[in-house]
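What follows is calculated from the coordinates using simple rules that are stated; it is not laboratory data. Quick caveat, the model's predicted, so the values are computed rather than measured. Note that each Cβ is placed from the backbone with ideal geometry, even for glycine, and that neighbours are counted across all protein chains shown.
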Amino acid sequence: MTEKIDIDKIYKHWIDSSDKDYDTMIHMFETKDYHWSLFLGHIVIEKLIKASVVITIKDHAPFTHDLTKLANISKLDFSEEQLDWLDTITTFNLNARYDNYNQAFYRKCTPIFSKVWIENIKYLRLWIKNKQLK
């Protein structure tokens, strides 16, 4: 017998958790912890897309950090440019977490690079939230 899950509760969890991580992302950026702010930016977008996945499939979101894969399941109508951004943002998860990528990623996260990607993440976050309200 399958356990009935509370889709609304799971959806709300993903949204609330993403909002808290967004605040931390901004704080990390302001304190110049650029690579960690971008890592958290990935988490912010991942959780928002997982909220949409939960609504779409009426079940738990799959255990993956691949934003493009999640985007396809979510049925949100991402543009090609947004999908390209998701591919890049997905790399922030891997690059910030694993030492063999970490140092190169750390050097790549200049103030300018990080500002551009934080702005892209902010844009995607608002775009997804707007789509979820419809």
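Past 22 Å, Cα to Cα: identify those pairs from Lys20/Lys108; Lys20/Lys75; Lys20/Lys47; Lys4/Lys69, in the order given. Numbers along the way, then the final one.
Values: Lys20/Lys108 26 Å; Lys20/Lys75 24 Å; Lys20/Lys47 11 Å; Lys4/Lys69 25 Å.
Long pairs (Cα-Cα over 22 Å): Lys20/Lys108; Lys20/Lys75; Lys4/Lys69.
Mind checking the full-extension length gain between Asp19 and Ile7? Use 0.36 nm per residue of separation minus the Cα-Cα distance, one decimal, nm.
2.5 nm
Counting alpha carbon pairs within less than 8 Å and at least 6 residues apart, what relative contact order, in whole percent, applies to the range 7-129?
29
Sticking with the crude label model, points 7 Å out along Cα→Cβ, report the distance from Asp33 to Thr64 in nm, one decimal please.
A separation of 3.0 nm, rounded to one decimal place.
I'd like to compare 8-20, 66-78, 36-48: which one has the highest average count of other Cβ atoms within 10 Å, and what's the full order after that?
36-48, 66-78, 8-20
Could you tell me which label, among (1) 2, 11, 21, 23, 19, 12, 7, 3, 1, 0, 0; (2) 2, 9, 14, 13, 10, 9, 8, 7, 6, 6, 5, 4, 4, 2, 1, 0, 0; (3) 2, 9, 14, 15, 15, 13, 10, 7, 5, 5, 3, 1, 0, 0, carries the value of P(r) over Cα pairs in 5 Å bins from 0, in percent calculated for this structure?
Recomputing P(r) over Cα pairs in 5 Å bins from 0, in percent here gives the entry labelled (1).
Return the sequence-ordered ³J(HN,Hα) values of the range 105-114 in whole Hz as given by the Karplus equation 6.51 cos²θ - 1.76 cosθ + 1.60 applied to θ = phi - 60°, using x for Gly and Pro.
5, 4, 5, 5, 7, 6, x, 5, 4, 5
For the range 53-64, what does the Karplus curve 6.51 cos²θ - 1.76 cosθ + 1.60, with θ = phi - 60°, yield as ³J(HN,Hα) per residue in whole Hz, taken in order and with x for Gly and Pro?
Residue by residue, the range 53-64 yields 4, 4, 5, 5, 9, 6, 7, 4, 6, x, 7, 8 Hz.
Provide the per-residue ³J(HN,Hα) series for the range 69-85, in order, calculated from phi with Karplus coefficients 6.51, -1.76, 1.60 and θ = phi - 60°, each as a whole number of Hz, with x at glycine and proline positions.
Karplus values, whole Hz, x for Gly and Pro: 4, 5, 4, 5, 6, 5, 6, 6, 8, 6, 6, 4, 4, 5, 5, 4, 4.
Distance from the Cα centre of the range 1-69 to that of the range 115-129, in angstrom?
Comparing the Cα centres of the range 1-69 and the range 115-129, I get a distance of 14 Å.
For Gln103 paired with Asp84, estimate the spin-label separation in nm (one decimal), with each label point 7 Å from Cα along the Cα-to-Cβ line.
So the two model labels end up 3.2 nm from each other.
If the only charges are +1 at each Lys and Arg Cβ and -1 at each Asp and Glu Cβ, what is the size of the charge dipole of the range 7-129 around the Cα centre, to the nearest 20 debye? Before the final figure, lay out each step's value.
Details: 16 positive and 17 negative charges, 36 e Å.
With Lys and Arg at +1 and Asp and Glu at -1, about 180 debye.
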